[in-house]
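Only one structure is covered here, and it is reproduced in the block below.
The values are calculated or read from the model by the stated rules, or taken from the named source; none is laboratory data. Predicted model, so just to flag it, every value in this text is computed and none were measured. Cβ placement follows ideal geometry from the backbone for every residue including glycine, while neighbour counts extend to all protein chains displayed. These accessible areas exclude ligands, DNA and RNA; they are computed on the full protein's heavy atoms, side chains included. Shrake-Rupley method; radii C 1.70, N 1.55, O 1.52, S 1.80 Å.
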Amino acid sequence: MGRDRALGAPLYPDPLLPPLGAVVACLLHIAVFVVAVLFSCVQRFVLNKNDGNPDKRQRAAEKNRRRSQENGPVQSDQNGPCVPPIHPERLKDFVEEEYLNGNLTTWEMKISGNPEQQLKDAVEPAAAVKARKPSVRPKNEFLRFEDISAAAFKIQSGVQKTPCMYSRISKQYGVDIYLKKEYLQYTGSVKERGVLYLLTSLHEDQQRKGVIVATDSNFAMAVAFHASELQIPVFVIMAAGTSPNRVKMCRDYGAMVILFGPTARDAQSHARKLAQENGYLYIEEEDSAGYLAGLGTVGLEIYEQVPNLDIVIFPAGGHCGLLAGSAAALKHLNPKITVIGVESEKFPIVQQALKTGHCLTEHDYLTHPLYGELGGPSFGTNTLKLTKKLIDQVISVREEDVLLSMLRLLEYERVTADAEGAMGLAAIISGALPDLRGKRVAVVVCSGNLPLPLLRHCLDRALVLDHRVCKFTVVLPDFPGEITKLLEAIGREEVRVLDMQKESIFLNNDLFTLEVTCLVETRDKTHSLQLRTALAERYSTLKWIEQ
């Protein structure tokens with residue numbers, strides 16, 4: 001026995017352990033079998049119950065079929081169309097669906113009775129009468145903020161959301177200037193916004209027939225481009241004297257360009273005739289709520305891009321629709337923002353209209369090589385009302401200030417803006433707004449479509465106005481070395497000679513004299529005065545040619 005304990009054998013082995021394990025395993029198998037039988041019985045009971053009520057299932061299927069016929073097929077969020085995002089702060093602007101959605105139809109619930117009956121009938125569709133009412137946007141309806149919000153939502157995928165960036169010009173004038181760069185649109189003009197909203201609002205049958213426009217302005221290029229993008233046939237009628245480059249651009253955009261008549265009036269008459277004979281829609285730049293709403297989206301973007309904004313400066317005159325539409329958006333979002341319009345001193349159309357109370361050029365077209373089309377249908381009753389109600393100030397600037405503004409934009413921002421695009425900055429350069437120092441000012445550079453020969457001429461003139469290109473004459477003795485001495489005197493002042501001419505025949509001075517005319521380039525006004533003083537001390541016959 002001791003030997004067994006040493007080996008680790010149990011002293012009293014239990015003979016009951018093997019039978020107990022077998023019993024436990026058997027009980028587990030029985031429990032699993034019972035659960036399976038119960039589950040099978042429940043399943044059969046449910047199936048038998050449903051088989052016993054075929055009418056109920058048939059009624060449910062019939063009810064679902066009728067519902068699908070009444071409401072149409074239901075699309076899931078995964079398979080449905082992707083809806084463009086809406087900014088949460090603008091959701092409140094989409095409450096008037098009847099007016100905002102153009103050709104869509106709305107449904108009205110006309111319920112009669114007391115308030116308790118109305119609550120009871122709200123859950124009983126049989127008591128409600130559905131009236132189908134077409135929604136038509138009045139063409140000349142007064143512009144509302146809801147129109148601008150709807151336009152921003154509709155054209156967001158068709159136009160550029162242009163940047164509004166801090167400019168290096170700010171340091172030169174002590175104003176925080178933010179340039180809204182609308183010249184970055186595909187056709188180089190802000191008018192794309194209004195044109196796209198107008199074209200997308202047309203009926204399908206009219207889009208199939210096509211549109212026609214008679215002008216060589218930025219408006220025509222915007223219509224040509226966006227109509228082609230929307231697969232709308234587009235015809236542009238221009239006068240025979242239109243710039244070949246402008247004709248080529250419209251054709252490249254996809255328009256059929258026709259040159260007709262010597263003047264713009266002849267082209268417009270021919271366009272109206274073609275529209276009447278062929279069913280085209282004649283489009284011209286107008287002041288309807290739809291067109292102004294598209295232009296007003298600029299104001300929405302400026303408000304979003306520049307926080308704590310104080311003043312916004314817009315061009316007026318030919319772009320008065322931009323001024324009125326954007327002011328409607330800005331004043332709705334923040335009435336404290338000051339809105340200023342700027343126009344040419346030669347054509348104070350807006351200021352005259354505000355004084356007289358009516359549009360002086362409503363049916364007359366003014367065309368200027370530098371400013372383009374002024375007045376006309378684009379400055380009508382709607383625009384005048386909005387301008388009178390919302391614009392804080394309208395000022396005029398000289399043509400010289402506009403040219404200097406074009407020069408500053410080219411040098412500091414590498415922007416080849418035209419006269420309308422440079423009009424806003426010209427108000428700051430001219431000093432007509434002395435209260436701007438230390439404030440945040442947004443300036444809209446609305447377009448940059450100046451023909452190359454005219455751009456070169458404008459820049460040359462601007463350099464003269466900026467005292468960086470000077471011209472003078474001096475009478476010298478007609479002896480060898482006199483011209484060399486003059487050039488040495490000019491070189492000592494670090495001035496570059498651009499051109500030099502001499503004349504000795506048609507002079508009233510001594511026989512042996514000649515007149516030398518020099519065109520030189522200086523750094524600035526101070527440098528030119530330094531050169532003038534140095535030459536005056538040396539040559540008594542110096543004549544400085546003022547601009």
Helices (runs of 4 or more DSSP H) wholly inside region 217-293 containing at least 1 residues that are β-branched (Val, Ile, Thr) and under 20 Å from residue 205 (Cα atoms): 218-229
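Residue-wise test of (1) under 18 Å from residue 302 (Cβ atoms); (2) touching a Ser or Thr at 6+ places or on another chain (Cβ under 8 Å); (3) modelled with pLDDT under 95.
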residue	(1), (2), (3)
132	no, yes, yes
145	yes, no, yes
160	yes, no, yes
171	no, no, yes
206	no, no, yes
238	no, yes, yes
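Which of the residues spanning region 200-227 are free of Cβ contacts under 8 Å to residues at least 40 places away in the same chain and either under 20 Å from residue 293 (Cβ atoms) or open to solvent by 40 Å² or more (accessible area, probe 1.4 Å) (or both)?
Taking region 200-227 first, the residues free of Cβ contacts under 8 Å to residues at least 40 places away in the same chain are 204-205, 207-208, 220, 222, 224-225, 227.
Within region 200-227, 204, 205, 207, 208, 222, 225, 227 qualify.
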Is it true that some residue in region 281-304 is surrounded by fewer than 20 Cβ atoms within 10 Å (Cβ to Cβ), in contact with a Gly (Cβ under 9 Å, 6 or more places away or on another chain) and over 21 Å from residue 379 (Cα atoms)? no
Can you find even one residue in region 247-260 that is touching a Gly at 6+ places or on another chain (Cβ under 9 Å) and crowded, with 17+ Cβ neighbours inside 10 Å? no
I'd like the full set of residues that are farther than 24 Å from residue 388 by Cα, open to solvent by less than 10 Å² (accessible area, probe 1.4 Å) and either in a helix (DSSP H, G or I) or of a type in the set (D, E, K, R) (or both), limited to region 151-179. 170
Does region 363-373 contain any residue that is assigned to a helix (DSSP H, G or I), crowded, with 17+ Cβ neighbours inside 10 Å and modelled with pLDDT under 90? no
The number of residues in region 490-517 that are small (Gly, Ala, Ser) and in contact (Cβ under 8 Å) with a residue 12 or more places away in the chain is 1
What's the number of the condition residue 455 fails, among (1) open to solvent by less than 30 Å² (accessible area, probe 1.4 Å); (2) of a type outside the set (Phe, Trp, Tyr); (3) assigned to a strand (DSSP E or B)? (3)
When the residues of region 472-489 are narrowed to those that are outside any helix (DSSP H, G or I) and in contact (Cβ under 8 Å) with a residue 12 or more places away in the chain, which ends up farthest from residue 542 (Cα to Cα)? 479
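Sort through 399, 413 and tell me the only one that's open to solvent by 10 Å² or more (accessible area, probe 1.4 Å), modelled with pLDDT under 95, farther than 26 Å from residue 290 by Cβ and within 23 Å of the chain's Cα centre (by Cα).
Among 399, 413, only 413 is open to solvent by 10 Å² or more (accessible area, probe 1.4 Å), modelled with pLDDT under 95, farther than 26 Å from residue 290 by Cβ and within 23 Å of the chain's Cα centre (by Cα).
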Please determine, by comparing only the residues of region 524-547 that are part of a strand (DSSP E or B) and within 15 Å of residue 486 (Cβ to Cβ), which one is least open to solvent (accessible area, probe 1.4 Å). 544
Taking the stated definitions as given, is residue 425 in contact with a strand residue (DSSP E or B) (Cβ under 7 Å, 6 or more places away or on another chain) and at pLDDT 95 or above? yes
Filter region 511-523 for residues that are among the aliphatic types (A, V, I, L, M), surrounded by 12 or more Cβ atoms within 10 Å (Cβ to Cβ) and farther than 14 Å from residue 542 by Cβ and give the result. 514, 519
Taking region 310-320 as the search range and keeping residues that are open to solvent by less than 20 Å² (accessible area, probe 1.4 Å) and not in a strand (DSSP E or B), which one is modelled with the highest pLDDT? 316
Just one listed residue, out of 508, 449, is open to solvent by 60 Å² or more (accessible area, probe 1.4 Å) and in a loop (DSSP other than H, G, I, E, B), and it is 508
Identify all residues within region 436-450 that are within 22 Å of the chain's Cα centre (by Cα) and closer than 23 Å to residue 320 by Cβ; write none if there are none. 441, 442, 443, 444, 445, 446, 447, 448, 449, 450
